[in-house]
Amino acid sequence: MKTLNKPGDNLGGILKLWAIPYGTFSTQGATINFINQDNIWQIYCSPESIDFSENSELSASGLIYNTELRGFIPQDNASLQTALAYLDPRKWAVIFIDGNGKYKLAGNQNDPLRFSSELNTGKETASLAGCSFKFYGKTKYRSVFINNPF
């Protein structure tokens, strides 16, 4: 018999995320190796604004996973504009650490994720100004747990 036991503490949320350029890493089991870390982006997000979802879907080519990470970067400024110009056109994998201290890799060398963003200042002075973003894609495999990559 197989059993899925009740977990101990289970904290939701994503604490940090890093965007890894397509083609600059390899994996061996739960270990990720970087060719270099020069173009890895650690992306600061407003607290509790990052979420992750991975839904399975049966397609004509078999089972696939719709992977998506969403977040909010506060304040529109020149540094954000530079970052978006770099992030938008490229393919990515994303490493994130969840509220339980577990690292996961979303996207991979065969199924990279894409990036999209939306800048918004809101209508009122109390509105949040900044950038809503997402990394998204269809993958053949679920995101995998990895060892601490840094």
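The values are calculated or read from the model by the stated rules, or taken from the named source; none is laboratory data. Here the structure is a predicted model, which is why all the values come from computation and not from measurement. Note that each Cβ is placed from the backbone with ideal geometry, even for glycine, and that neighbours are counted across all protein chains shown.
Annotations
- Checked against (1) surrounded by 13 or more Cβ atoms within 10 Å (Cβ to Cβ); (2) within 16 Å of PRO21 (Cα to Cα); (3) charged (D, E, K, R), ASP88 passes all but a single condition, namely (1).
- Of all residues in region 102-114 being farther than 11 Å from ALA19 by Cβ and part of a loop (DSSP other than H, G, I, E, B), the one that is farthest from the chain's Cα centre (by Cα): ASN110
- The combined condition, being farther than 20 Å from ILE14 by Cα, touching a Pro at 6+ places or on another chain (Cβ under 9 Å) and of a type in the set (D, E, K, R), is not fulfilled by LYS138.
- Among the conditions (1) outside any loop (DSSP other than H, G, I, E, B); (2) within 22 Å of PHE34 (Cα to Cα); (3) acidic (Asp, Glu), GLU118 misses just one, which is (2).
- Residue match in region 24-31 (condition: within 25 Å of GLY130 (Cα to Cα) and touching a residue at least 60 places away in the same chain (Cβ under 8 Å)): no
- In region 115-127, the residues that are surrounded by fewer than 17 Cβ atoms within 10 Å (Cβ to Cβ) and either β-branched (Val, Ile, Thr) or within 11 Å of the chain's Cα centre (by Cα) (or both): THR121, THR125
One line per residue, one yes/no per condition, for (1) more than 20 Å from LYS140 (Cβ to Cβ); (2) surrounded by 13 or more Cβ atoms within 10 Å (Cβ to Cβ):
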| position | (1), (2) |
| --- | --- |
| ILE43 | yes, yes |
| SER53 | no, no |
| GLY62 | no, no |
| GLU68 | no, yes |
| ILE73 | yes, yes |
| SER79 | yes, no |
| ALA83 | yes, yes |
| TRP92 | no, yes |
| ILE95 | no, yes |
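- The set of residues in region 110-127 that are modelled with pLDDT of 90 or more and in contact with a strand residue (DSSP E or B) (Cβ under 7 Å, 6 or more places away or on another chain) comprises ASP111, PRO112, LEU113, ARG114, PHE115, SER116, SER117, GLU118, LEU119.
- When region 42-53 is filtered for residues that are more than 11 Å from the chain's Cα centre (by Cα), touching a residue at least 24 places away in the same chain (Cβ under 8 Å) and within 21 Å of ALA93 (Cβ to Cβ), the ones remaining, listed by number, are TYR44, CYS45.
- A single member of GLY107, GLY130 is touching a strand residue (DSSP E or B) at 6+ places or on another chain (Cβ under 9 Å), surrounded by 15 or more Cβ atoms within 10 Å (Cβ to Cβ) and at pLDDT 95 or above, and it is GLY107.
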